[in-house]
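Take a look at the structure set out below.
The values are calculated or read from the model by the stated rules, or taken from the named source; none is laboratory data. Note that this is a predicted model, so its numbers are computed, not measured. Cβ atoms come from the backbone with ideal geometry, glycine included; neighbour counts cover every protein chain shown. Note: areas computed on protein heavy atoms with side chains; ligands, DNA, RNA excluded. Shrake-Rupley method; radii C 1.70, N 1.55, O 1.52, S 1.80 Å.
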Amino acid sequence: MALRGRFEEEIKVLLSKLTDLCNFADKALNRSITALEQYDVDAALEIMDDDAKADLLYEEINDQAIILIAKQQPVATDLRKIIMTIKIATDIERIADFAENIAKSTIRLGKKPDGMMDAFIKIKKMQEISSEMLMDSLKAFIDEDIHLAKQVADKDDEVDHLYSQTIQELFQLNQQGAGNISEIIQLLFTCRSLERTADHITNIAEDVFYLVKGKHYDLNE
Amino acid sequence: METNVLTKSELIFSVNDLNLWYGETYALKNINMEIEKNKVTAIIGPSGCGKSTFVKTLNLMVNTTPNVKISGEIMFRGENLITKKRDLVDLRKNIGMVFQKGNPFPQSIFDNVAFGPKIHGLRNKQEIEQLVEKSLKDVALWDEVKDRLKDPALGLSGGQQQRLCIARALATKPDVLLMDEPTSALDPISTAKIEDLIIQLKEKYTVVIVTHNMQQAARISDKTAFFLNGEVIEFDHTDNIFSTPNDKRTEDYISGRFG
């Protein structure tokens, strides 16, 4: 085995757990939007129950990272990789929480909302862009690819744009008296969760820059 | 923006185009380094990279090895050590050295520390006693040995012996203390004491330390030089070397991927 071969193996295990957490959060986000669109309360309850799995994975990643630092005393890029893994796991765990929040909104809707098709289309689009950003951000981190990280951060603008459009439309619906106020509020919450999801993914893109360059970059300007 | 231009008063050594051969073996290759006063400079690198040779060149101890040939400059106090003929005893009074393993003389604790000052002509008993006390206090050994100064130095523990050797080096009031792996034979507690001591010593002295312990270099030094195959690959602030080294070979070495 090459020098530090065991360390490389342990890093791979850590990153594989981070990938599991990322896949989990992505799936939860996707499922939460589908449950909202279809007013599927059972699916929403399941998403809420499942959140404990994300918490468990998050704790495992933290524990393993701390053991790895204690045992291997990494420096430079190796150390940044482990510290950034902990930080990224925190961002992804938060994204899983947003999926849970969206599931709660589904339950609070009380019925399938009518006449909000445009808002739903935009909400779905926000989720699709966020999912793509999430998976790309993880790939950028594992491959130490700052170009991909920059592309991820740039997509945050698309989500922000959709967010402000949807908010405006929902306000207009309210002013026109066209929708139920509690339904509009739940959709506003959902939009907010998706907009925050994209912000957390932008943090991950910034972490990729820090990993590679050893300097802090603000990609959220 | 930090400036890299140092005035001459901030430098203790200015090493320019230093080359050294052991017979046919080219051991130091065109070394250029400026070593700052009152700083700890760590020299790291794999075995056989020339780091000990470099440190032993700074007080010309390397000249004791047969067939050594040196070219270039080591400017110290305005003189090139390599070309200037000077009294080696006097030079080593100014540039003290501590080795891997404590090597006290088979004499009392007191006589070990008093040895240097006496060689250099100090005769006043009271002054010698004061100097011994001060040197032992500087290395935080005084409280442990003050009641047994006449005991043999070889009866001390490994860590105490090493601190005694540092006290012996300090008793001649040097400008520089060269240390060649001073803690590699010590337990973690003794190592921690020596490391604390090195950080305190830089208030009064300049320290150049060779170490195989990466974490030690990271903990105690202000600047670090990475040597490989007789060359300085990178010489920078220690924080930079251990967080964002410029050269991939430095990163691979400090990350334990070779060496």
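Observations on the structure shown:
- Going from the chain on its own to the full set of protein chains, region B:220-259 has these residues losing 20 Å² or more of accessible surface (heavy atoms, 1.4 Å probe, no ligands, DNA or RNA): B:F242, B:S243, B:T244, B:E251, B:I254, B:S255, B:G256, B:R257.
- Burial of 50 Å² or greater, region A:74-108 residues [accessible area, probe 1.4 Å, versus chain by itself]: A:V75, A:A76
- Apolar share of the accessible surface for region A:3-213: 52 percent from carbon plus sulfur atoms, 1.4 Å probe.
- Restriction of the trypsin sites (Lys or Arg not before Pro) in region B:160-206 to DSSP coil positions whose beta-carbon has at most 13 other beta-carbons within 10 angstrom yields B:K204.
- Cα-derived Rg over Rh, computed across the protein assembly as shown with Rh taken as Kirkwood radius: 1.19
- Spin-label model distance (nm) - B:N19 vs B:K150, 7 Å beyond Cα toward Cβ: 5.8 nm
- Whole-Å distance, taken between Cα centres, linking region A:69-139 and region B:177-228: 46 Å
- Chain B against chain A buries an accessible area of about 900 Å², both chains summed, 1.4 Å probe radius.
- Among the protein heavy atoms of region B:80-149, carbon and sulfur supply 50% of the accessible surface, probe 1.4 Å, non-protein parts ignored.
- Accessible area in square angstrom per residue, the protein assembly as shown, 1.4 angstrom probe: 47 Å²
- Over 28 Å (Cα to Cα) - which of B:K69/B:K204; A:K53/A:K139; A:K104/A:K125; B:K202/B:K248 fall in this group: B:K69/B:K204; B:K202/B:K248
- With the biggest extent put first, the Cα atoms of chain A measure 68, 35, 20 Å across the principal axes.
- For chain A, modelled as a GNM whose springs connect Cα atoms under 10 angstrom apart, the maximal fluctuation among A:A44, A:A70, A:A99 occurs at A:A70.
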